[in-house]
1. If ligands, DNA and RNA are left out, what is the accessible area of B:Tyr32 with a 1.4 Å probe, given in Å² to the nearest 10?
2. Which cross-chain or sequence-distant (5 or more) residues have an amide H under 5 Å from the amide H of B:Ile10, H modelled 1.01 Å from N in plane?
3. May I ask for the accessible area buried between chains B and A, both sides summed, probe 1.4 Å, to the nearest 100 Å²?
4. Per 0.36 nm of contour for each residue apart, how much would the distance between B:Glu69 and B:Glu22 grow if the chain were fully extended, relative to their Cα-Cα spacing?
5. How much of B:Val176 can a 1.4 Å solvent probe reach, expressed as accessible area in Å² and rounded to 10?
6. Taking θ = phi - 60°, what integer Hz values does the Karplus form 6.51 cos²θ - 1.76 cosθ + 1.60 yield along segment B:105-120, in sequence order, with x for Gly and Pro?
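The values are calculated or read from the model by the stated rules, or taken from the named source; none is laboratory data. Source: prediction; values computed, not measured. Calculation scope for accessible area: heavy atoms of the full protein, side chains included, ligands and nucleic acids excluded. Shrake-Rupley method; radii C 1.70, N 1.55, O 1.52, S 1.80 Å.
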Amino acid sequence: VEIGDPERTYTVEPLEDPVPREPSQAPKEAPESEPAEPEKVEAE
Amino acid sequence: VKAPDYVEPIIAWRAWLVVAEEEGIRLSSVVYRNVWPPRCELEATCHRTVFAFPRIWQKKPTDHPAPTERCRCGIHGARDADHAASYVTNELWQDEPLHWPLLHRAIGRVSLWGTLVECADGWRASYAYPQRIYLPEHGEIDEAPVEPAQLVAALAGYGVPVELIDCDLTDGDAVVSALGMRAAAR
């Protein structure tokens, strides 16, 4: 695009990302497994 | 650490080609053969080459970051839609062969950030991403087997609004007029 002669230079750091990025694939948390019941064994 | 001058992206106007690239339907710059990646910013590089002294028969790329005031590099955006519309309708892209089939042409708003060189009628930036894409509903592209309505769906992968505008892409004034009506209706 023909936009003419330069006039000044500056920096822009957006607070919000202008790019609608792919939602990050958060790792699924492993379900906490129930503690195993103690095995009943015959007393000797 | 230097604080930025602004914390909002500059919103400008620009034109794109719509091409069928290997990975899908994409926006491409009109003058250079840059494909704009979906969901990722486009980063500017300087395409200019300079003589490689003392071997002046060889040329090498410039090694400066884009953009700078002394060069014409950077991702261009126009202040007004009518500046950008002239690039929708012209045939500049024919100067350099396209690597991919041309499907259509688009106009839209673009977010610009990073280092910006402000010019009389627009900006040159180091980073850019489409903010809103408009496709003219009418106008023949010889190679295009795809209807504009199908392209709207295909370009949805950019994650920004994509809309048809009721005009012919060969008529720059009609494109600007349709954009004005769309803005007034919003």
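1. 110
2. The answer is B:Leu112.
3. Numbers: alone 10770 and 5930 Å², together 13930 Å².
What B and A bury together is about 2800 Å².
4. Values: separation 47, 0.36 × 47 = 16.92 nm, distance 3.48 nm.
Separation in residues times 0.36 nm, less the Cα-Cα distance, equals 13.4 nm.
5. Surface accessible to solvent at B:Val176 totals approximately 50 Å².
6. These are the phi-based 3J(HN,Hα) values: 10, 9, 10, x, 9, 9, 8, 10, 7, x, 8, 10, 9, 7, 10, 4 Hz.
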